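Asker: Can you keep this structure in mind? I'll have questions shortly.
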Amino acid sequence: MNKVKKLPLKDIFFGIISFSASFLVLTLIFSVIVVLYKESSLAIHKFGIINFIFTEEWDPVKQVFGAAAPLFGTVVITILSLTLAVPVALGIAIFLSEVSPHILKTPVGIAIEMLAAIPSIIYGMWGLFTLAPIMSEYIEPAIQKTLGQIPLIGKLFEGTPQGIDLFTASVVLSIMIIPFIASISRDSLNLTPDLMKESAYALGATKWDVIKDVMIPYAKLGIYGGIVLALGRALGETMAVAFVLGNRHEITTSLFDAAATITVTLANEFTEADTDIYLSSLFYLALILFVLSFIILAVAKLFLLKVERGYSR
């Protein structure tokens with residue numbers, strides 16, 4: 001009979017530590033869900049799920065609360081910030097990996113990575129005191145005179161430019177998430193084997209052809225990963241948008257109107273919650289944000305795995 005090989009004590013100890021660390025993550029996630037559900041149970045039983053999600057009114061005086069407005073603001077700002085950030089971040093990554101002179105690669109790369117280290121409250125203060133006046137006086141009026149004149153699209157740019165609105169908040173948030181996408185995309189592009197690039201050049205490909213047909217397809221998994229990471233950051237960002245959003249609980253069709261997000265509502269109103277139902281409704285918003293983030297990131301991860309599986313074939 002074959003004897004079962006006994007594992008060394010250090011391997012057993014390492015396995016126990018690894019399993020405990022993994023189990024701790026699951027425990028923390030489960031405990032967060034339990035606490036959020038327990039604290040929001042009063043609002044769940046009073047307003048229900050569907051009614052709370054699709055109710056726009058948020059009135060602490062009448063004790064009527066609905067998540068439609070902050071949920072709408074969260075989704076709009078996340079989508080718009082990613083729309084603004086992804087092309088810029090990919091352009092930076094391509095420049096640093098293939099186009100930039102060698103002398104600029106290190107300083108520009110360090111500068112991009114330092115943007116990720118700036119605290120979000122600094123972005124918020126900069127957005128309020130510097131970017132918002134520029135947006136209200138120059139950029140938003142110019143957008144209204146151009147894109148605002150196009151039928152249907154012009155509805156997105158109606159109203160009086162104030163600089164404290166969805167569009168400004170999305171711009172600030174996009175600047176925050178650019179370093180995450182750019183850094184990961186740059187590293188992924190740099191992993192492209194030189195042999196593949198040199199073979200393409202030997203066949204007569206231009207630099208643009210090599211970037212488009214060789215480097216980006218090879219690095220697409222890393223690029224998708226960077227976008228997913230930025231998506232998670234955008235969903236949960238608070239202070240950077242709290243300064244320039246306005247915290248207005250209304251669903252609007254214009255990007256130049258003030259709005260609210262779930263995180264901004266929690267930050268601004270948690271200390272003002274003077275009744276049980278008010279506090280429970282805020283916890284309910286937190287629970288919705290947790291579930292929304294989990295679903296969106298899970299779908300993104302499944303999409304990433306699908307692309308990876310198709311890429312490996």
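Asker: Residues of the stretch 208-227 being open to solvent by 40 Å² or more (accessible area, probe 1.4 Å) and not charged (D, E, K, R), which ones?
Answerer: Selection gives Trp208, Ile216, Pro217, Tyr218, Leu221, Tyr224, Ile227.
Asker: Can you go through Val25, Val61, Val32 and tell me which one is modelled with pLDDT under 95, open to solvent by less than 70 Å² (accessible area, probe 1.4 Å) and β-branched (Val, Ile, Thr)?
Answerer: Just one listed residue meets the conditions, Val32.
Asker: Got at least one residue in the stretch 88-104 being assigned to a helix (DSSP H, G or I), open to solvent by 50 Å² or more (accessible area, probe 1.4 Å) and within 30 Å of Ala267 (Cα to Cα)?
Answerer: Yes: the stretch 88-104 contains one or more residues that are assigned to a helix (DSSP H, G or I), open to solvent by 50 Å² or more (accessible area, probe 1.4 Å) and within 30 Å of Ala267 (Cα to Cα).
Asker: Considering Phe54, Phe19, which residue is free of Cβ contacts under 8 Å to residues at least 40 places away in the same chain, closer than 21 Å to Thr261 by Cα and open to solvent by 90 Å² or more (accessible area, probe 1.4 Å)?
Answerer: Only one candidate qualifies: Phe54.
Asker: Looking at (1) part of a loop (DSSP other than H, G, I, E, B); (2) under 28 Å from Phe95 (Cβ atoms), which is the one condition that is false for Val214?
Answerer: Val214 satisfies every listed condition except (1).
Asker: Quick check on Ser281: is it more than 29 Å from Ile227 (Cβ to Cβ), of a type outside the set (Lys, Arg) and part of a helix (DSSP H, G or I)?
Answerer: yes
Asker: Does Arg248 qualify as being touching a strand residue (DSSP E or B) at 6+ places or on another chain (Cβ under 7 Å), in contact (Cβ under 8 Å) with a residue 12 or more places away in the chain, open to solvent by 20 Å² or more (accessible area, probe 1.4 Å) and not β-branched (Val, Ile, Thr)?
Answerer: Criteria met by Arg248.
Asker: Looking at Phe270, Phe243, which one is open to solvent by 40 Å² or more (accessible area, probe 1.4 Å) and in contact with a Gly (Cβ under 9 Å, 6 or more places away or on another chain)?
Answerer: Step by step, each of Phe270, Phe243 is checked, and only Phe243 is open to solvent by 40 Å² or more (accessible area, probe 1.4 Å) and in contact with a Gly (Cβ under 9 Å, 6 or more places away or on another chain).
Asker: Could you please give the count of residues in the stretch 231-278 that are out of contact with any Leu (no Cβ under 8 Å at 6 or more places or on another chain) and not in a helix (DSSP H, G or I)? Give the steps one after another, and end with the answer.
Answerer: Taking the stretch 231-278 first, the residues out of contact with any Leu (no Cβ under 8 Å at 6 or more places or on another chain) are 233, 239, 242, 246-251, 267-268, 271-272, 274-275, 278.
Adding the requirement that they be not in a helix (DSSP H, G or I) leaves 246-251, 274-275.
Residues that pass the stated criteria total 8.
The values are calculated or read from the model by the stated rules, or taken from the named source; none is laboratory data. Here the structure is a predicted model, which is why all the values come from computation and not from measurement. Note that we place each Cβ from the backbone using ideal geometry, even for glycine, and neighbour counts take in every protein chain shown. Accessible surface areas use protein heavy atoms only, side chains included; no ligands, DNA or RNA. Shrake-Rupley method; radii C 1.70, N 1.55, O 1.52, S 1.80 Å.
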